[in-house]
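Asker: Dumping the structure here so I can ask a few things about it.
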Amino acid sequence: MHDRPTMLREAAAILAENDRGTYTVPTHGLYPFQWNWDSCLSALGLAHLDEDRAWTEIETLFAHQWDDGMVPHIVFHVADDGYFPGPDVWGTDRAVPTSGITQPPVAGFAVSRLFDRATDRAAAAERAARLLPAITRWHEWFLACRDPKSTGLVAIIHPWESGRDNSVDWDAAFDRVPTDGVAPFTRRDTMHANPEHRPTQAQYERYIWLVQLFRSLGWDNGKLHDASPFQVVDPGFNAILIRSCADVAELARKLGLGDLAARNAAMAAKGAAALETLWNARLGQYVCLDRVTGRLIDSPSVGGLLAAFAPLPAHRAQALAARVRALSENITYTVPSHDPDAPEFDTRRYWRGPVWLIVNYMIADGLRAAGQTAVADRIVDDSLRLIRTGGFAEYYDPMSGAPCGGGRFTWTAAMVMEFLAQDGVVQS
Ligand code: GLC
């Protein structure tokens with residue numbers, strides 16, 4: 001699969017295969033429901049085929065927004081016992097069941113990108129105007145429920161919220177999460193994907209312990225943050241929130257929605273200023289903060305590079321570009337999800353080393369906007385080389401390019417459409 005038309009055809013076929021009418025599944029088998037940030041990023045790919053369908057993807061997700069403003073990380077539209085933990089474990093007690101935690105808030109960015117590119121301007125303006133109040137409620141939910149002390153930065157209270165499930169970033173904080181009282185369970189992920197590529201059993205027990213704790217508190221977001229022994233401030237996650245707030249502010253201004261614009265702009269400005277507190281000069285990148293201990297986490301992961309997705313001061317974007325360049329020196333395909341020189345680096349295990357195309361897309365997008373074109377181009381070229389060697393996988397080994405995890409992945413296909421649509425890409 002080397003030429004552009006074949007890649008585009010294959011990407012379109014994957015999006016069609018994983019389309020369930022009003023939402024897409026990340027991939028058949030392993031992930032049979034709607035996932036939050038998968039859907040928002042996949043909508044960008046859908047838009048190349050059918051704009052109306054792309055808007056529907058995000059509207060479906062927001063139809064399941066909670067009354068408090070939270071947008072859940074999974075919507076269980078249909079019964080399927082191929083995934084664990086299912087609705088009975090979450091126990092969120094909703095007509096259409098959902099999980100009870102959230103995911104990186106990329107919807108604001110996605111909606112503004114859909115709007116900017118829309119050919120049907122009137123329809124796009126109408127659909128954006130309907131979504132923006134809901135997206136703003138989600139943004140404000142973050143500040144109210146995940147930043148109770150008003151620091152400007154929000155915490156995740158479960159590793160799954162980050163979207164980087166088993167990153168090295170969480171290891172030390174996650175060690176504080178007990179496993180006693182976890183009901184016995186059977187994992188399903190390891191039936192669909194190689195167990196060597198997935199999180200460990202010990203990590204799964206902690207994931208479930210946290211779900212049981214939150215459930216015992218009635219999923220009351222007024223209580224969960226403070227009750228969680230795991231509270232981590234992730235620069236990548238916060239950068240996505242800041243970028244979405246900034247993009248929603250701009251879009252709201254274009255649509256004449258002054259109040260929404262002002263509220264989002266204020267959140268973006270406060271977050272951007274606070275992000276500076278996560279800078280690690282020795283590593284030349286941002287790092288996570290363990291909110292329980294109050295200490296920065298010395299873990300060189302891609303979360304700190306994903307900060308490039310937010311509008312940053314020029315010298316920070318330049319430093320992050322240099323860091324990506326340095327990390328890329330000893331690997332074949334950038335950007336690795338963890339520093340290859342760190343002892344925890346693992347080429348195959350999920351978020352502990354492999355390359356993910358959605359992360360590449362966001363880093364490249366931010367660096368390009370900051371004028372760091374050469375590094376952005378390298379990221380895009382490497383991403384397309386991975387597709388040529390490994391097909392449309394969930395993620396890839398940064399050394400060999402071997403495809404890992406699930407296959408025929410929706411958001412990978414969507415990112416390929418995005419990369420191929422960009423100017424200046426070498427289309428061999
Ligand atoms: C895994 C990933 C997460 C993604 C989900 C569905 O949990 O870590 O980022 O949203 O799969 O693809």
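The values are calculated or read from the model by the stated rules, or taken from the named source; none is laboratory data. The structure presented is a predicted model; accordingly, all values stated were derived computationally and were not measured. Reconstructed Cβ throughout: ideal geometry from the backbone, glycine too, with neighbour counts over all protein chains shown. Quick note on the areas: whole protein, heavy atoms, side chains included, nothing else; ligands and nucleic acids left out. Shrake-Rupley method; radii C 1.70, N 1.55, O 1.52, S 1.80 Å.
Asker: Around ASN36, with a cut-off of 12 angstrom between Cβ atoms, what is the net charge of the other residues, counting Lys and Arg +1 and Asp and Glu -1?
Answerer: -3
Asker: Over the chain, what relative contact order in percent results from Cα pairs under 8 Å that are six or more residues apart?
Answerer: Relative contact order here is 18 percent.
Asker: Please enumerate, by chain and number, the lysines with C-alpha under 30 Å from the C-alpha of LYS254, excluding those fewer than 8 residues away in the same chain.
Answerer: Once the sequence-local lysines are set aside, what remains near LYS254 is LYS270.
Asker: Okay, next question. Please identify which residues in the stretch 208-226 have an amide N closer than 19 Å to a label point set 7 Å out from the Cα of THR179, following the Cα→Cβ vector.
Answerer: Within reach of a label on THR179: 208-214.
Asker: Rank-order 198-210, 100-112 by packing density, defined as the average count of other C-beta atoms within 10 Å over each peptide's residues, highest first.
Answerer: 100-112, 198-210
Asker: While we're looking at this one, here's another question. Using the Karplus equation 6.51 cos²θ - 1.76 cosθ + 1.60 (θ = phi - 60°), what ³J(HN,Hα) coupling, rounded to whole Hz, does each residue of the stretch 239-246 give in order, writing x for Gly and Pro?
Answerer: Per residue, the Karplus-derived 3J(HN,Hα) values read 5, 5, 5, 4, 4, 5, 4, 5 Hz.
Asker: Counting only helical runs of four or more DSSP H residues, what would the 222 nm mean residue ellipticity of the chain come to if each run contributes -39,500 (n - 2.57) and the total is spread over all its residues?
Answerer: The helix-only estimate for the chain comes to -15000 deg cm²/dmol at 222 nm.
Asker: From the backbone phi of the stretch 14-29, what are the Karplus-calculated ³J(HN,Hα) couplings (6.51 cos²θ - 1.76 cosθ + 1.60, θ = phi - 60°) in whole Hz, Gly and Pro given as x?
Answerer: Rounded to whole hertz, the list is 5, 4, 5, 4, 9, 7, 10, x, 10, 7, 10, 9, x, 6, 5, x.
Asker: Would you mind working out the accessible area per residue for the chain, using a 1.4 Å probe, and quoting it in Å²?
Answerer: Accessible area per residue: 35 Å².
Asker: Oh, and also: For the stretch 4-421, how big is Rg over Rh, using alpha carbon atoms and the Kirkwood form of Rh?
Answerer: 0.93
Asker: Report, by chain and number, residues whose modeled amide H sits under 5 Å from the one on HIS77, excluding near sequence neighbours (fewer than 5 apart, same chain).
Answerer: When sequence neighbours closer than 5 places are left aside, the close amide H contacts are GLN34.
Asker: Could you work out the relative contact order of the stretch 183-279, using alpha carbon pairs under 8 angstrom and six or more residues apart, expressed as a whole percent?
Answerer: 19
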